[in-house]
Amino acid sequence: MAPPIVTATLQAAAINAASNIVAQAITAYRSQTPLQLDYTALAQFTAVALINTPPTYLWMVNLESTFPGQSAVTQDPHAKKSDDEKRKNGQVEKKLNVRNTVIKVIIDQTIGASIMLVLFLSTITILRGGTVEDIGNTVQNEYWTIMLAGLKVWPPVSLFSFTVVPVDKRMLFGSICGFIWAIYLSMATA
């Protein structure tokens with residue numbers, strides 16, 4: 001079985017590729033022209049996922065380990081067993097750690113979103129043959145438009161992910177939610 005980071009990366013690449021194809025189909029439909037896939041754009045957008053998913057995965061793992069979303073609550077506080085023994089016997093229940101969840105959402109939607117957006121814009125610019133100066137211009141011209149659009153979508157997704165989705169399924173959940181977002185990005189950066 002592949003390591004989780006590899007699985008998450010391949011899933012994200014497949015979803016990004018599909019979203020780029022849909023974005024190209026939407027563009028063709030709007031312009032009333034036949035769909036002719038731009039394989040370069042498809043390859044670039046797929047490569048972005050292959051390059052950017054591992055750091056995103058590590059970001060999510062680090063956030064969860066730093067601010068665990070679940071706290072252990074023993075069912076029988078008067079029992080004389082150790083917490084380890086209780087865990088082994090299944091006598092520990094998990095409870096949402098609201099404080100840590102709020103912290104994760106705030107950090108993810110500010111610091112994380114900023115870093116990942118700059119990484120995305122830099123990667124797509126480089127894949128399109130851009131220079132360091134082009135990266136600066138792309139970030140300067142597109143950062144706030146995409147960041148503000150993202151703040152309308154991602155905070156609720158992030159909150160749902162951190163409260164309901166198991167840790168090992170968050171990248172897949174985010175990639176599925178990102179399908180529509182990636183269509184927007186494909187069209188916005190075309």
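Helix 132-150: angle to the longest alpha-carbon principal axis of the chain, degrees 0 to 90, nearest 10? Roughly 60 degrees, rounded to the nearest 10. Taking amide H atoms as placed 1.01 Å from N in the peptide plane, the amide H of residue 70 lies under 5 Å from those of 97, each 5 or more residues away in sequence or on another chain. The slack in the chain from residue 187 to residue 29, taken as 0.36 nm per residue of separation less the alpha-carbon distance, amounts to 55.6 nm.
Across the chain, Cα-Cα pairs farther apart than 19 Å form 65% of the total. For the set 6, 164, 157, solvent exposure ranked by accessible area (probe 1.4 Å, protein chains only) runs largest to smallest as 164, 6, 157.
Estimated purely from DSSP H runs of n ≥ 4, each contributing -39500 (n - 2.57), the mean residue ellipticity at 222 nm for the chain is -24000 deg cm²/dmol once divided by its residues. Peptide packing for 170-179, 45-54, 110-119 was compared via the average number of neighbouring C-beta atoms within 10 Å per residue; ordered from the highest value, the list is 45-54, 170-179, 110-119.
What's the FRET efficiency of residue 10 with residue 140 using the Cβ-Cβ distance as r and R₀ = 45 Å, to the nearest 0.05? Don't skip to the end; give the middle numbers.
Working: r = 33 Å, r/R0 = 0.73.
Efficiency, rounded to the nearest 0.05: 0.85.
Taking 0.36 nm per residue of separation and subtracting the Cα-Cα distance, full extension of the segment from residue 151 to residue 71 would add 26.0 nm.
For the stretch 1-66, a Kirkwood hydrodynamic radius built from all Cα pairs, placed in the Stokes-Einstein relation at 10 °C and 1.306 mPa s, yields a translational diffusion coefficient of 120 µm²/s.
The values are calculated or read from the model by the stated rules, or taken from the named source; none is laboratory data. The structure presented is a predicted model; accordingly, all values stated were derived computationally and were not measured. In this analysis, Cβ positions are derived from the backbone assuming ideal geometry, glycine residues included, and neighbour counts consider all displayed protein chains. Note: areas computed on protein heavy atoms with side chains; ligands, DNA, RNA excluded. Shrake-Rupley method; radii C 1.70, N 1.55, O 1.52, S 1.80 Å.
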